[in-house]
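**Student:** First, the structure itself, so that you have it in front of you.
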Amino acid sequence: MEPEVGVNRTSVTEFILLGLVETEQLQSVVFVVFLFAYLLTVGGNLSILAAILVEPKLHTPMYFFLGNLSVLDVGCITVTVPSMLARLLSHKRTVPYRACLTQLFFFHLLAGMDCFLLTVMAYDRFLAICRPLTYSTRMSKTVQRMLVVVSWALGFTNALNHTLTLTTLNFCGPHVINHFYCDLPQLFQLSCSSTQLNELLLFVAAAFMAVTPLVLITVSYAHVAAAVLQIRSVEGRKKAFSTCGSHLTVVCLFYGTGIFNYMRLGSEESSDKDKGVGVFNTVINPMLNPLIYSLRNPDVQGALWRVLVGKQSLT
């Protein structure tokens, strides 16, 4: 939004988040549904993490990365949902300027980390299926830790850049955000100064953190598909594809909603579609991930059962 003549430039100290619904009856329903979703997501992901930690059969690179993904899912939903639930309880829609920026920083930190971690997981499957003889050396514990640390560092740099450049914008009213959490597209619409630099930064970041990882994931799985199709055994092909199917499902869900959300910066109005995509990004995806990875994986199912009933592994 371009600056206008005569606009009052007093700095905004808080924003108003309209949330998902306006009527009081629906707010009660939203509170119960999202509280249940939050508890289910945190419980499901922590159960996956506990199963990976206590089950020796799951002490492999694939499950090491899956454990990190579970931590990210818990973080992603915790950044947005508890604050929304607190506003529903208190009937206060205001959020301080600094709290809004803090939420935005951690959201983009975790989302950026998700991009790179999904790429690392695709690379892991590529090595396991296409380069099995050198897999143990190429994906050693040191390499695993380095890949995760680099992913965190890149995600941190991206989130910090967006947050710092956002502080250069003037917000002089109105300060109403038609969403249930603070994010870049909605804040850009409220700025009374030029957002061209911010949008350019977001475009470059999207190319580096979304398009590039997506291309690498596609190339990895193209090689995996070619290698699997050469397996003569039908059972062998089925097993190889099953280890990749869960990850591909998560990739499609994550990138599908992300592309829809951040490629619509030219739109002047926030809509219910933005809120729906936000719910998908911050609630549904983290809630589905443990189900996707456990429903088709007997090793994870067995480990989860042993965690729940308190039995030790036989191996």
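What follows is calculated from the coordinates using simple rules that are stated; it is not laboratory data. It should be emphasised that the depicted structure is a prediction, and the values quoted were computed from it without experimental measurement. Glycine gets a Cβ as well: all are built from the backbone with ideal geometry, and neighbour counts include every protein chain shown.
**Student:** Under a straight-distance cross-link criterion of Cα-Cα below 16 Å, which aspartates and glutamates are reachable from residue 275, leaving out those fewer than 8 residues away in the same chain?
**Tutor:** Counting by Cα, and skipping residues close in sequence, residue 275 has these aspartates and glutamates nearby: 22, 183.
**Student:** Helix 97-130 versus the longest principal axis of the chain: what angle, 0 to 90°, nearest 10, using Cα atoms?
**Tutor:** Tilt relative to the chain: about 20 degrees.
**Student:** Once you sort the root eigenvalues of the Cα gyration tensor of region 14-307 as a ≥ b ≥ c, which label holds: rounded (a/c under 1.5), prolate (a/b larger than b/c) or oblate (the other case)?
**Tutor:** Note, shape of region 14-307 comes out prolate.
**Student:** If the convex hull of the alpha-carbon atoms of region 25-103 is projected onto planes in all directions, what is the mean projected area in square nanometres?
**Tutor:** Values: hull surface 25.2 nm².
Answer in nm², one decimal: 6.3.
**Student:** Please tell me the relative contact order of region 62-220 in percent, rounded to the nearest whole number, where contacts are Cα pairs under 8 Å and at least six residues apart.
**Tutor:** This gives 30 percent for region 62-220.
**Student:** A follow-up question, please. Within region 78-109, list the trypsin sites (Lys or Arg not before Pro) lying in a DSSP loop whose Cβ has at most 11 other Cβ atoms in a 10 Å radius.
**Tutor:** Values: sites: 87, 92, 93, 98; in loops: 92, 93.
Those that pass, being in a loop and sparsely packed, are 92.
**Student:** Please compute the volume of the convex hull spanned by the alpha-carbon atoms of region 73-214 and report it per residue in Å³.
**Tutor:** Residue-normalised Cα hull volume stands at 116 Å³.
**Student:** Grab the DSSP H runs of the chain that are 4 residues or longer, score each as -39,500 (n - 2.57), total them, divide by all residues and round the 222 nm result to the nearest 500 deg cm²/dmol. Please report the intermediate quantities before stating the final value.
**Tutor:** Details: 12 runs with 221 residues, N = 315.
Mean residue ellipticity at 222 nm (helix-derived): -24000 deg cm²/dmol.
**Student:** For the chain, find the longest principal axis of its Cα atoms and tell me its angle to the long axis of helix 196-206, 0 to 90°, nearest 10.
**Tutor:** 10
**Student:** Cα axis of helix 285-295 to longest principal axis of the chain: angle in degrees, 0 to 90, nearest 10?
**Tutor:** The answer is roughly 10 degrees.
**Student:** So what's Rg/Rh here for region 110-153, counting alpha carbon atoms and using the Kirkwood radius for Rh?
**Tutor:** Working: Rg = 10.9 Å, Rh = 10.8 Å.
Answer for region 110-153: 1.01.
**Student:** If you average the sequence gap of Cα pairs under 8 Å that are 6 or more apart and divide by the length of region 14-307, what percent do you get for the contact order? Walk me through the numbers before you get to the answer.
**Tutor:** On the way: 308 pairs, mean separation 90.2, N = 294.
In percent, rounded to a whole number, it is 31.
**Student:** Show log10 I(q)/I(0) for region 150-241 at q = 0.15 Å⁻¹, two decimals, from a solvent-free Debye sum over equal Cα scatterers.
**Tutor:** Each listed q maps to, in turn, -0.72.
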